[in-house]
1. Residue-wise, which Karplus ³J(HN,Hα) couplings in Hz belong to region 208-217, taking 6.51 cos²θ - 1.76 cosθ + 1.60, θ = phi - 60°, and x for glycine or proline?
2. Please arrange Ser146, Ser322 by how many other C-beta atoms lie within 10 Å of their C-beta, fewest to most.
3. Set Lys and Arg Cβ to +1 and Asp and Glu Cβ to -1, take the dipole of region 33-123 about its Cα centre, and tell me which of Thr53, Val107, Leu42 lies farthest positive.
4. For the chain, count all C-alpha to C-alpha pairs, find those more than 27 Å apart, and express that count as a whole percent of the total.
5. Which percent, to the nearest 5, of DSSP beta bridges fully inside the chain are antiparallel?
6. Before rounding to the nearest 500, sum -39500 (n - 2.57) across all DSSP H runs of length at least 4 in the chain and divide by the residue total; then give [θ] at 222 nm in deg cm²/dmol.
7. Could you size up the charge dipole of region 33-123 around its Cα centre, putting +1 on the beta carbon of Lys and Arg and -1 on that of Asp and Glu, and report it in debye to the nearest 20?
8. If you rank Ile97, Ile137 by fewest surrounding Cβ atoms within 10 Å, what's the result?
Amino acid sequence: MADLDPWYLDHLVCPVDKSALSFDGHRLVSANGRTYPVVEGLPVMLVAEEQQTMDIARASIDRAQGRASAIDARAPGYYLESLGISEEEKLRVLELIATGAGTIDPVVSLLVSGTSGNAYVHLRGNADVAFYPIPTIELPAGDGRSLLDVGCNWGRWSIAATRAGYRVVGIDPSLGAVMAARRVAKSLGVDVRHVVGDARWLPFKPDSFDTAYSYSVLQHLAKDNVRLALGELKRVLKPGGSAKIQMAAKHGLRSLQHQARRGFREPVDFEVRYWPVAELARVFAELIGPTRVTTDCYFGLGWQWSDYAHMRPMHKPILIASEALKRLSNILPPLRYVADSVFCTATKV
């Protein structure tokens, strides 16, 4: 029988029919009989009968239901098959676990390569990495307010929000990434709750959060799925609450280069979707409420000024130029229309 933090029963609902849940010692059970596994005290609230937005979500469902692979059996509790890494990288994680090498979590030592627009790719699987690259989150002081981190992965932004004073819940469809996020939060002495789930079917009661935040997540979803996720965010935000969501903009220099590289075809699977800024403002306003679009960065997706000290020398001039244009866009708002990455901040009314 698994232990379950009572908080989950007080705050979670069935992601499909939004009914209350009970706990039978192994699963959360909805009033209509839908069941959701609890793995090591972690609710896995993915909707198994729906098409998943990424393969790791289906792998998470399989692992949560006890269908482990050979590589999972070699690293109990890490759920390696539900991570978005290659087979070679999974073997590298096994090596790090077996040798005890490295000072950060072995899973994060691989996942960190995708952080900050892949600017940390040189750190992939490096046992000498001695830090977690936690950014500065651009939000007002939390003062104890609640925040939902949508697509939390290994917990980078959850930790940043907690340090800014928020009470954070992180949600992500990757069981392995969320387990890593729990380990990282514990090692850093940070109090974050986690759920394995899907942004399109959030398993929370209405009016649960003061703020929602998401970085480098919804930009990967098809537009109809983004609309589902925004509708869910409106439902779980308190009146007057806001959602700050990073999205890829269509007319940035680097964005245009990526679109040209794939022949301007329609994106598939988990490829980035590039939106016109005006369309983003309209859709967010329609589905959540009044929306403000601000610049995140130029020349790529994910550049963060707080990452400067950790960047390779070849990337630092790019980051400096991106930050200069970002600040200039506050004076000359039309520059936002040619940013590569923007934030949409929508307020529920």
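Computed from the coordinates by the stated procedures, all read-outs in this text should not be read as laboratory data. This is a predicted model, so every value here is computed, not measured. A quick note on method: Cβ atoms are made from the backbone with ideal geometry, for glycine too, and the neighbour counts reach across all protein chains shown.
1. Karplus-based 3J(HN,Hα) across region 208-217 equals 8, 10, 6, 9, 10, 9, 8, 10, 6, 10 Hz.
2. With the fewest neighbours first, Ser146, Ser322 line up as Ser146, Ser322.
3. My answer, from the dipole projection, is Leu42.
4. Pairs farther apart than 27 Å: 45 percent.
5. Given both bridge residues lie in the chain, the antiparallel proportion sits at roughly 55 percent.
6. Mean residue ellipticity at 222 nm (helix-derived): -9500 deg cm²/dmol.
7. It works out to roughly 140 debye.
8. Least crowded to most crowded, the residues run Ile97, Ile137.
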